[in-house]
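One structure is given here, and the rest of the page talks about it.
The values are calculated or read from the model by the stated rules, or taken from the named source; none is laboratory data. Computed from a prediction, not measured in an experiment: that's the story for all the values here. Protein only, heavy atoms only, side chains kept; ligands, DNA and RNA dropped before computing areas. Shrake-Rupley method; radii C 1.70, N 1.55, O 1.52, S 1.80 Å.
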Amino acid sequence: MKFEPLKGIKILDLTAVVVGPVATWRLGQYGATIIKVENPSGDLMRGLGGMSPTGQHSGAYLHLNRGKKNICLDLKKEGGQQIIQKLVEWCDVIVANMRPDALERLGLDASTIRSKYPEKIYCLITGYGTDGPYSGLPTYDSVLQGASGIAGLTMARDGKPAYVPMLICDHVVGEITAGTIMAALMQRQNTGIGASLEIPMFETMASFVLQEHLAQQSFEPPVGPPGDLRLLSPHNQPVKTKDGYISFTINTDAQVQAFLKITDRAEFLHDERFASVASRAKYVSEWFEIRGTALENKTTDEWLTIFREADLPAMPCHTLETLTNDPHIKAVELIDFENHPTEGKTAVIRSTIQVDGNYPSARSAAVPCGWDTNEILSELGYSTIEMEKLLVEKAAYNYKTEI
């Protein structure tokens, strides 16, 4: 039995780059029909996400846009505007990450759509919300990493700020967006009424940081400085071994005792500073200096064997080159390959969620811009003659049309 709880739900995807495509990809994984709208220049991520054989399907674009039907429209043309309004009427959910003023000009804002269709669920993903002083400012993931304090966490630890080298804000907010849309769908099922949703990236990620790092400032008066001092320790890093690095975490008193024994640090076994969670929190700097000392007398594999025999959580610190060769990743067949219609043999990252012992379908490959234009126009009721007229006027484009 297929796991498709959102089967029958149609999502109009007016998003591009990463945050919106993450959200709609997730909804597609759960069975929703995703209609991705691209303009003639295409989603920026087709090229921005890295090199590809044709230059039109970067690896990132491929993985974030699986399972989506694709229609290419010029919304500056009257015909394109008519089509998008038909799509709004046809779909259950509209997801957008365009600037609010641009959406208003096109009649694709929440107020316009829900005044006409109160049963629709409209979700706007913004950089900074629509009611604060930053409203309407452009942004990207790295800008938000700086603004939300993520880069500043590295400054607190290492003395200078640094970005997490992946689009962490886009992925986190995208997943939160998908969950919020599903909650709104449940509400609509119970009440018959839709919802206007707004997911501001800045506030969402600031909240994400502060849930952990407001810490001692969570009290009035504060009981200490902000920040989880364990995570901000300069010694909270992968530990050097004889031939690489190992990642481990030890939190409970029993784990600490076991760690001190297996690493030949018996002199600290009865040290009151490290005897309990509370005392280690008080002497966090001293404890993490001990915990983060290099283990260069043995190889990573040798240490992994020792840690696992002591039932301590530890793993090799992978590089991008070694991760895909991890024996667990290979055993569970996380990555497979398929033949893409334009890019040749391409990687497929399967779902990581098991349902009744099975993994849901990875769904169809990400497709070229305009791949499904004719099919979607036909479903909207356009005749062959009407479709050809729209293509000639360049209000719509299919894959065979020169863009």
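In table form, for the structure just shown:
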{"read-out": "At 0.890 mPa s and 25 °C, Stokes D of segment 1-50 from Kirkwood alpha-carbon radius, µm² per second", "value": "210"}
{"read-out": "Percent accessible area from carbon and sulfur atoms, segment 1-88, protein chains only, probe 1.4 Å", "value": "57"}
{"read-out": "Max mean-square fluctuation residue, GNM over the chain, Cα-Cα springs under 10 Å, options LEU260, LEU108, LEU75", "value": "LEU260"}
{"read-out": "Candidates ASP170, ASP92, ASP356, ranked by Gaussian network fluctuation over the chain, Cα under 10 Å, top entry", "value": "ASP356"}
{"read-out": "Using θ = phi - 60° and Karplus 6.51 cos²θ - 1.76 cosθ + 1.60, couplings along segment 281-293 (whole Hz; Gly, Pro as x)", "value": "5, 6, 10, 4, 5, 5, 5, 5, 5, 5, 5, x, 5"}
{"read-out": "Volume of the Cα convex hull of segment 260-325, divided per residue and given in Å³", "value": "120"}
{"read-out": "With all protein chains modelled, accessible area of LYS160 [1.4 Å, Å²]", "value": "140"}
{"read-out": "Alpha-carbon Rg with Dmax, taken over segment 19-73, Å", "value": "11.0, 30"}
{"read-out": "Coordinate range along principal axes, alpha carbons of segment 326-379, Å, largest first", "value": "45, 28, 11"}
{"read-out": "Centroid-to-centroid separation of segment 122-143 and segment 329-373 [C-alpha atoms, Å]", "value": "31"}
{"read-out": "Residue-by-residue Karplus 3J(HN,Hα) for segment 183-196, coefficients 6.51, -1.76, 1.60, Hz, glycine and proline x", "value": "4, 5, 5, 5, 4, 5, 4, 7, 10, x, 10, x, 7, 9"}
{"read-out": "Pairs beyond 32 Å (Cα-Cα), from LYS116/LYS389; LYS120/LYS389; LYS69/LYS330; LYS160/LYS330; LYS68/LYS240", "value": "LYS160/LYS330; LYS68/LYS240"}
{"read-out": "SER142 accessible area, assembled protein chains, probe 1.4 Å, Å²", "value": "50"}
{"read-out": "Equivalent-ellipsoid semi-axes of segment 2-122, from the Cα gyration tensor, Å, largest first", "value": "23, 19, 12"}
{"read-out": "Normalised convex hull volume, segment 232-364, alpha-carbon set, Å³ per residue", "value": "163"}
{"read-out": "Within the accessible area of segment 353-403 (1.4 Å probe), percent carbon and sulfur", "value": "50"}
{"read-out": "Rounded tilt (10° steps) of 300-309 against the dominant C-alpha axis of the chain", "value": "80"}
{"read-out": "Within the accessible area of segment 117-265 (1.4 Å probe), percent carbon and sulfur", "value": "60"}
{"read-out": "Quotient of Cα Rg and 2.2 N^0.38 Å for segment 170-319, N being how many residues it contains", "value": "1.44"}
{"read-out": "Reach of LYS242 by Cα under 13 Å, taken over aspartates and glutamates that are not fewer than 8 positions away in the same chain", "value": "GLU296, ASP301, GLU302"}
{"read-out": "For segment 141-150, 3J(HN,Hα) per residue [Karplus equation, 6.51 cos²θ - 1.76 cosθ + 1.60, θ = phi - 60°, Hz, x = Gly/Pro]", "value": "4, 5, 4, 5, 4, x, 5, 7, x, 5"}
{"read-out": "Cα centroid of segment 36-75 to Cα centroid of segment 268-298, whole Å", "value": "49"}
{"read-out": "Surface accessible to a 1.4 Å probe, TYR382 within the full protein complex, Å²", "value": "30"}
{"read-out": "Tail weight of P(r) past 27 Å, computed on alpha-carbon pairs of the chain, percent", "value": "61"}
{"read-out": "Calculated [θ] (222 nm, deg cm²/dmol) that DSSP helices of n ≥ 4 give over the chain, each run adding -39,500 (n - 2.57)", "value": "-11000 deg cm²/dmol"}
{"read-out": "Surface per residue (accessible, 1.4 Å probe) for segment 146-285, Å²", "value": "56"}
{"read-out": "Top of GLY67, GLY152, GLY132 by mean-square fluctuation, Gaussian network on the chain, Cα under 10 Å", "value": "GLY132"}
